[in-house]
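The values are calculated or read from the model by the stated rules, or taken from the named source; none is laboratory data. Bear in mind the structure is a predicted one, so any value in this text is a computation, not a measurement. Here the Cβ positions follow ideal geometry from the backbone for every residue, glycine too, while neighbour counts run over all protein chains shown. These area figures cover heavy atoms from the full protein model, side chains too; ligands, DNA and RNA do not enter into them. Shrake-Rupley method; radii C 1.70, N 1.55, O 1.52, S 1.80 Å.
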Amino acid sequence: KNACTACHGMTSKVVGPGFTEVAAKYQGKADAEAYLVKKIKAGGEGVWGAVPMPPQAALKDDEAQAIARWIAAGAK
């Protein structure tokens, strides 16, 4: 719905890391969900390489929260 898969594969890198790769990196991190919401909404660069993730500011907060929750739970 939000075109995330234009840059992210389920299990492997497309332009950005795969969702399961992100989930594995933040597994067990207490604030993973909140951190991911912030990164989804604000974008960022340098965490996964030189290609920046553009901000997804138009994404509704509840949608960003749902995506972050799904990733933090293992992206399954």
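Count charges around Ala23 for me, please; just the other residues with Cβ under 15 Å from its Cβ, Lys/Arg as +1, Asp/Glu as -1.
Result for the local shell: +3.
Would you please give the residues with an amide H less than 5 Å from that of Gly44, counting only those at least 5 places away or on a separate chain, with H modeled from the backbone geometry?
Those lying under 5 Å, H to H, from Gly44 are Met53.
Share of the chain's accessible area from carbon and sulfur, percent, 1.4 Å?
About 59 percent, which is the carbon plus sulfur part of the accessible surface.
Would you mind getting the accessible area per residue of the chain, heavy atoms of the protein chains only, 1.4 Å probe, in Å²?
Per residue, the chain has 65 Å² of solvent-accessible surface.
Between Val15 and Gln27, with labels modelled 7 Å along Cα→Cβ, what's the label distance in nm to one decimal, could you check?
For the pair Val15/Gln27, the computed spacing is 2.8 nm.
Relative contact order for the chain: what percent, with Cα pairs under 8 Å and sequence separation of 6 or more?
It rounds to 30 percent for the chain.
Identify the residues of segment 32-62 with backbone N under 11 Å of a label point that sits 7 angstrom from the Cα of Ala6 along the Cα-to-Cβ direction, or state none.
Only 54 fall inside the zone, counting backbone N under 11 Å.
Quick one: Karplus J couplings for segment 62-73, per residue in order, coefficients 6.51, -1.76, 1.60, θ = phi - 60°, nearest Hz, x for Gly and Pro?
5, 6, 4, 4, 5, 5, 4, 4, 4, 5, 4, 8
So, in the chain, how many Lys pairs have Cα atoms under 19 Å apart, if the pair is 8 or more places apart or on different chains?
17
Can you tally the net charge around Thr11? Count Lys and Arg as +1, Asp and Glu as -1, for every other residue whose Cβ sits under 13 Å from the Cβ of Thr11.
Result for the neighbourhood of Thr11: +1.
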